[in-house]
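The values are calculated or read from the model by the stated rules, or taken from the named source; none is laboratory data. Remember, predicted model here, so these are calculated numbers, not experimental data. Using ideal geometry, Cβ is built from the backbone for each residue, glycine included, and neighbour counts are taken over all protein chains shown. Areas reflect the complete protein model, heavy atoms only, side chains present, ligands, DNA and RNA absent. Shrake-Rupley method; radii C 1.70, N 1.55, O 1.52, S 1.80 Å.
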Amino acid sequence: MAVSVIGEGVSEAESGPLIKKTTADGGVVDYKGRPVNKSNTGRWRSAFFIIGVEVAERFAYYGISTNLISYLTGPLGQSKSTAAKNVNTWSGVASLLPLLGAFVADSFLGRYRTIIMSSLLYILGLGLLTLLAVLPSFTPSNCQNGGAVMPCSPLAEVVLFFSLYLIAVAQGGHKPCVQAFGADQFDGKDPEECKAKSSFFNWWYLCLCAGATISVVISSYIDDNISWGLGFGIPCISMSVSLAIYLLGSRTYRYTNKCNKKNPFSRIGKVFAKAAGNWQTSTSETPTDIEGEGILACQDPQQFKFLYKALIVPVGSREGEEGCTINDVEEAKAVLGLVPVWSTCLVYAIVFAQTSTFFTEQGITMDRSIWSGFSIPAASLQLFIGISIISVIPFYDRVFVPLARAVTGKPSGITMLQRIGVGMIFSMVSMVVAALVETKRLETALEFGLVDLPQATVPMSIWWLVPQYLLLGIADAFTIVGMQEFFYDQVPNELRSVGLGLYLSVMGIGSFLSSFIISIIDKITAVDGRDGWFSDNLNRAHLDYYYWLLAALSALGLLLYLHSANSYIYR
């Protein structure tokens with residue numbers, strides 16, 4: 001039972017069911033609210049529990065998302081373009097909601113409580129999805145008419161999308177808080193723990209991808225060959241295991257002590273509001289004109305210098321009104337400085353969205369046989385992304401980083417922004433390869449007279465698609481991990497859940513942009529009865545044109561990113 005000590009101030013939001021006590025230094029506390037004992041709490045001991053939580057959660061999430069487009073085009077009878085847009089929209093919402101979840105965690109509930117509540121919602125959503133697939137009135141067989149796919153009842157779609165978006169809401173609270181809480185187990189001021197924290201992001205993503213890879217293999221096979229009910233039920237069990245693992249580690253965690261500080265969103269919002277309000281009344285002021293505030297000691301007084309107007313209390317202000325502090329302004333600058341990097345990473349997210357949509361649809365049309373009577377599910381090729389990541393990250397962490405560290409003198413070998421840029425290059429190359437392979441597939445369909453036979457198997461092995469998956473896996477190992485560390489490290493300490501929410505929002509906005517681009521292209525190319533780039537008959541479609549377009553956008557995005565990265569000043 002929790003014990004409340006009146007007048008003492010560890011934020012219950014952060015400490016969960018803990019005693020409310022304050023540490024002398026305003027640092028972190030253990031599960032009893034006592035000043036942290038480094039030898040008994042945190043570090044890898046706690047991180048292993050949290051990584052286990054994420055592995056189980058990713059297994060659950062990818063158990064749903066991997067084959068979702070097949071569920072929509074099969075049992076629900078949606079067209080390929082409609083299904084792709086629905087998947088992208090759901091994925092986008094699921095990737096944007098972490099901003100809301102992070103806000104709730106950092107402002108009110110704290111990461112510990114948010115993770116527990118999100119896990120319970122997650123289990124509920126997965127349970128409803130399983131019931132949808134199991135109940136006789138909603139089973140896929142009731143949505144078929146002789147072999148022709150017919151649209152399901154409106155009620156089936158309502159239940160499906162309610163379940164999916166409940167899962168999206170749950171992930172919105174779970175995803176940013178778990179990773180931030182894991183990184184919080186390492187003290188960035190301790191040289192050894194600082195290095196361990198950098199490695200944490202690498203091994204976190206490796207284990208995450210291992211869980212996703214196993215899920216892709218198991219779930220895609222079960223969905224295609226056994227039943228959708230079992231395919232959705234296993235992720236529900238996995239999420240229940242995730243919650244159990246998380247609770248088991250509670251006694252080992254380090255919890256943040258907020259010391260009753262003012263809400264960080266209020267502090268930063270006040271900076272922007274006061275800077276805007278003082279704009280007209282103090283246009284002649286410059287940072288060096290404001291005395292006594294130590295501005296010249298700041299990292300870069302000239303960067304976003306208009307924000308320093310928030311330090312000014314205009315003549316005639318209400319009695320007792322105060323300006324913002326230097327620390328508040330620096331936090332606002334840190335948040336604002338992330339915007340150019342965030343925006344130039346969006347093209348990468350657009351490319352990544354193709355792995356669960358059109359890459360899968362390509363594979364469905366190709367020869368998937370391994371041996372007589374056995375064919376692999378097209379969605380299972382996503383496991384090559386995981387294989388690529390699992391192969392690259394240990395090499396990066398154990399070989400590349402020490403070598404680069406010896407040359408650059410940086411603890412991480414190369415900077416976070418350099419790492420992101422390398423991944424963007426691989427992403428661009430993957431689109432070039434995808435376009436070339438799709439051109440080959442279309443030529444093969446034409447050669448064998450299959451252009452008007454969309455259900456026929458194109459005599460071209462599905463293994464042709466493997467290189468584009470592998471390249472995107474390498475890109476992920478650089479860009480995704482780099483973004484995670486960057487957006488965690490470069491925000492104020494109290495906003496680290498929000499920082500990881502910003503990283504996830506890149507992927508969400510990218511999915512929305514992918515859906516928007518598909519809609520525009522479909523309207524432009526599918527007119528007057530012509531087959532558009534995304535025709536349901538992929539042998540008459542032109543996914544190759546779409547991939548070339550994405551390659552060109554990737555090149556443009558890389559140039560803009562390089563400009564933003566070169567001008568960025570690290571905290």
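Hey, could you check the range 247-264 for residues that are out of contact with any Phe, Trp or Tyr (no Cβ under 7 Å at 6 or more places or on another chain) and part of a helix (DSSP H, G or I) and say which is modelled with the highest pLDDT? The extreme case among them is Leu247. Tell me whether the range 492-514 contains one or more residues that are open to solvent by 20 Å² or more (accessible area, probe 1.4 Å) and modelled with pLDDT of 90 or more. Among the residues of the range 492-514, not one is open to solvent by 20 Å² or more (accessible area, probe 1.4 Å) and modelled with pLDDT of 90 or more, which makes the answer no. Only a single item in (1) more than 19 Å from the chain's Cα centre (by Cα); (2) assigned to a helix (DSSP H, G or I); (3) not aliphatic (A, V, I, L, M) is not met by Phe103, and it is number (1). Of all residues in the range 427-450, those that are acidic (Asp, Glu) have Cβ atoms under 6 Å from Cβ atoms of residues that are surrounded by fewer than 21 Cβ atoms within 10 Å (Cβ to Cβ), 6 or more apart or on another chain, in Glu438/Asp544.
Just checking, does the range 349-362 include any residue being under 30 Å from Gly74 (Cβ atoms) and open to solvent by 20 Å² or more (accessible area, probe 1.4 Å)? There is at least one residue in the range 349-362 that is under 30 Å from Gly74 (Cβ atoms) and open to solvent by 20 Å² or more (accessible area, probe 1.4 Å).
Test Ile389 against the stated conditions and say whether it is within 30 Å of Phe486 (Cα to Cα), surrounded by 18 or more Cβ atoms within 10 Å (Cβ to Cβ) and in contact with a Gly (Cβ under 8 Å, 6 or more places away or on another chain).
Values: within 30 Å of Phe486 (Cα to Cα): yes; surrounded by 18 or more Cβ atoms within 10 Å (Cβ to Cβ): yes; in contact with a Gly (Cβ under 8 Å, 6 or more places away or on another chain): yes.
Yes, satisfied.
The listed residues are Leu442, Leu383, and the only one of them that is at pLDDT 90 or above, over 23 Å from Ser554 (Cα atoms), in contact with a helix residue (DSSP H, G or I) (Cβ under 7 Å, 6 or more places away or on another chain) and open to solvent by 20 Å² or more (accessible area, probe 1.4 Å) turns out to be Leu442. Checking the range 225-235 against the condition returns no match, with no residue being at pLDDT below 85, under 17 Å from the mean Cα position of the chain (by Cα) and assigned to a helix (DSSP H, G or I).
Kindly indicate the residue of the range 398-419 that is under 21 Å from the mean Cα position of the chain (by Cα) and not hydrophobic (A, V, I, L, M, F, W, C) and also farthest from Ser430 (Cα to Cα) among those meeting that condition. Quick ask: steps written out before the conclusion?
The first filter runs over the range 398-419 and keeps only residues under 21 Å from the mean Cα position of the chain (by Cα), leaving 415-419.
Now drop any that are not not hydrophobic (A, V, I, L, M, F, W, C), which leaves 415, 418-419.
On the way: Thr415: 23, Gln418: 19, Arg419: 17 Å.
Top of the filtered list is Thr415.
Among the residues of the range 342-374, the one identified as modelled with pLDDT under 80 and closer than 15 Å to Asp223 by Cβ is Ser356.
Within the range 109-130, the set of residues being farther than 12 Å from Gln171 by Cβ, buried (at least 23 other Cβ atoms within 10 Å of the Cβ) and not hydroxyl-bearing (Ser, Thr, Tyr) comprises Gly110, Arg111, Leu129. Entry remark, the range 397-419: residues being outside any helix (DSSP H, G or I) and free of Cβ contacts under 8 Å to residues at least 24 places away in the same chain number 4 in total.
Table: residues versus (1) free of Cβ contacts under 8 Å to residues at least 24 places away in the same chain; (2) among the small types (Gly, Ala, Ser); (3) farther than 24 Å from Tyr112 by Cα.
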{"position": "Arg496", "(1), (2), (3)": "no, no, no"}
{"position": "Gly499", "(1), (2), (3)": "no, yes, no"}
{"position": "Phe512", "(1), (2), (3)": "no, no, yes"}
{"position": "Ser519", "(1), (2), (3)": "no, yes, yes"}
{"position": "Lys523", "(1), (2), (3)": "yes, no, yes"}
{"position": "Asp528", "(1), (2), (3)": "yes, no, yes"}
{"position": "Leu538", "(1), (2), (3)": "no, no, yes"}
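Residues that are in a helix (DSSP H, G or I) and open to solvent by 40 Å² or more (accessible area, probe 1.4 Å) were ranked within the range 515-535; the one that is farthest from Phe103 (Cα to Cα) is Ile524. Note on the range 121-176: among residues that are modelled with pLDDT under 85 and under 19 Å from the mean Cα position of the chain (by Cα), the one that is nearest to Gly52 (Cα to Cα) is Lys175. Restricting Leu436, Leu465 to residues that are aliphatic (A, V, I, L, M), open to solvent by less than 80 Å² (accessible area, probe 1.4 Å) and modelled with pLDDT of 90 or more narrows the list to Leu465.
Looking only at residues in the range 50-82 that are modelled with pLDDT under 80 and part of a helix (DSSP H, G or I), the one that is surrounded by the most Cβ atoms within 10 Å (Cβ to Cβ) is Ile69. If I filter the range 349-360 for residues that are assigned to a helix (DSSP H, G or I) and out of contact with any Leu (no Cβ under 9 Å at 6 or more places or on another chain), do I get at least one hit? No - not one qualifying residue is present in the range 349-360.
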